[in-house]
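The values are calculated or read from the model by the stated rules, or taken from the named source; none is laboratory data. In this text, all values refer to a predicted model and were calculated from it rather than measured experimentally. Neighbour counts run over all protein chains shown; Cβ positions are idealised from the backbone, glycine included. SASA here: full protein model, heavy atoms, side chains in, ligands and nucleic acids out. Shrake-Rupley method; radii C 1.70, N 1.55, O 1.52, S 1.80 Å.
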Amino acid sequence: MKQYLELLKQNKEWAAERLGVDPGYFSRLSRQQSPKFLWIGCSDSRVPANEITKTDPGEIFVHRNIANLVVHTDLNMLSVLYYAVEYLKVDHIIVCGHYGCGGVQAAMGKGDFGLINHWLRNIKDVYHNHHEEFSALPDEKARMNHLVELSIRQQVFNLSKISIIQKNWQDRNYPHLHGWVYGLENGIIKELCNIDPQVCINEIFDFEFNK
C-alpha cells in the first residue's frame, strides 16, 4: 500500500525542483495549452511521449491505448482527435508504436485474452492482409517487428479516412500525419511514413464537404 505514497512524495520533489529552476513554470502552464502535436501512442509505460521527444508538458496532446490503434468506432480516440484538431488546431498527428509491443505479440499468437481479443482483432487483420510477406522473414522477432511497422502504417492510413481529418485538410490544409516506431533497445525513433493534406485517397473513403 505504501508504494503509491512514494509517488506522491516524488511529485512534491519534482514540483519543488521545477520551481527552483523556473519560479513561473506552473503559473504559465496553468493559463493555457497550445500544443502543435497530437500523439497517439501505446499504453506501454516504457514509451512516455514527452520524455522520449525531450518536450515539456503542454507541447504534446496525448492519447494512448493498447498497441496505438486508430479504430473508427473508438469514441474515446475520436473525441480526443476531434478536440485536438478542431479546438487545439494541432498541425501534426503522430502515431507512435514501438518494437517489442506486447499487444502486437499477443495478436500474433492464439492465446485467449478475454475482452482484449476484440481489440487485437484489428492487428490480426493487418497480419492477415499481408500474410505472404511474413513467410519470407527469417524468425519470429523479424515477423513481430514487421507487424509493428505495418500496423503503424495502417493506423496512419486509418486517420486519413476519418472525416474530422479530411474536413480540416479542406479548411486549413492541416494536420500532417506521421507514423513513427520507437526502439526500446536503443531509445531511437524511426520515421516510417507521412501523409500530407494534399494526398489523394481511394474515392470510397473521400468525403465532400460544403464550403
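Cross-link partners for Lys54 among the lysines, with Cα-Cα distance under 16 Å and sequence neighbours closer than 8 places in the same chain left out: Lys36, Lys190.
Annotation for region 1-46 versus region 180-211: alpha-carbon center distance of 29 Å.
Just to make sure I understand: if all protein chains stay in place, what is the order of Ser27, Ser151, Ser45 by accessible area at 1.4 Å, largest first?
Working: Ser27 60, Ser151 5, Ser45 105 Å².
My answer, sorted largest first, is Ser45, Ser27, Ser151.
Quick one: in region 93-211, what % of C-alpha pairs are over 19 Å apart? Cα-Cα pairs in region 93-211 separated by more than 19 Å: 54 percent. Computed over region 36-126, the convex hull of the alpha-carbon atoms projects to a mean area of 6.3 nm². Expressed to the nearest 5 percent, the antiparallel share of DSSP beta bridges inside the chain is 25 percent.
Ser30 exposes around 90 Å² of accessible area when a 1.4 Å probe is run over every protein chain in place. Decide, for region 7-46, between rounded, prolate and oblate: order the square roots of the alpha carbon gyration tensor eigenvalues as a ≥ b ≥ c, take rounded if a/c falls under 1.5, and otherwise choose prolate if a/b is larger than b/c, else oblate. Oblate is the answer for region 7-46, as a/c is 1.5 or above yet b/c matches or exceeds a/b.
For Glu17, what is the net charge nearby, where nearby means another residue's Cβ is under 14 Å from its Cβ and Lys, Arg count +1, Asp, Glu -1? Mind dumping the intermediate values first?
Numbers: positive: Lys9, Lys12, Arg18; negative: Glu13, Asp22, Asp56.
Every neighbour counted, the sum reads 0.
Each peptide in 103-109, 166-172 receives the mean, over its residues, of other Cβ atoms within 10 Å, and ordering these scores from highest gives 103-109, 166-172. Computed with a 1.4 Å probe over protein heavy atoms only, the accessible surface of region 109-211 comes to 63 Å² per residue.
Under the convention that each Lys and Arg Cβ holds +1 and each Asp and Glu Cβ holds -1, the size of the dipole of the chain around its Cα centre is about 560 debye. With a Förster radius of 22 Å applied to the C-beta separation of Ala15 and Ser45, the computed FRET efficiency comes to 0.55.
Would you compute, from DSSP H runs of 4+ residues alone, the mean residue ellipticity of the chain at 222 nm, taking -39500 (n - 2.57) per run and dividing by the full residue count, rounded to the nearest 500? Result for the chain: -13500 deg cm²/dmol, rounded to the nearest 500. What translational diffusion coefficient, to the nearest whole µm²/s, does region 103-157 have by Stokes-Einstein, given a Kirkwood radius computed over alpha-carbon pairs, a temperature of 25 °C and 0.890 mPa s viscosity? Translational D for this selection: 214 µm²/s.
Summarising the amide proton neighbourhood of Cys193: residues at separation of 5 or more, or on other chains, whose placed amide H is nearer than 5 Å comprise Gly179. Only alpha carbons enter this Debye calculation for region 165-211, each as an equal point scatterer, and the log10 of I(q)/I(0) it gives at q = 0.29 Å⁻¹ is -1.09. Taking only alpha carbon atoms, the chain gives an Rg to Rh ratio of 1.01, where Rh is the Kirkwood radius.
Listed values for region 36-51 are Karplus-derived 3J(HN,Hα) couplings in whole Hz (6.51 cos²θ - 1.76 cosθ + 1.60, θ = phi - 60°), namely 9, 10, 10, 10, 9, x, 7, 6, 3, 5, 8, 10, x, 4, 5, 5, and x replaces Gly and Pro.
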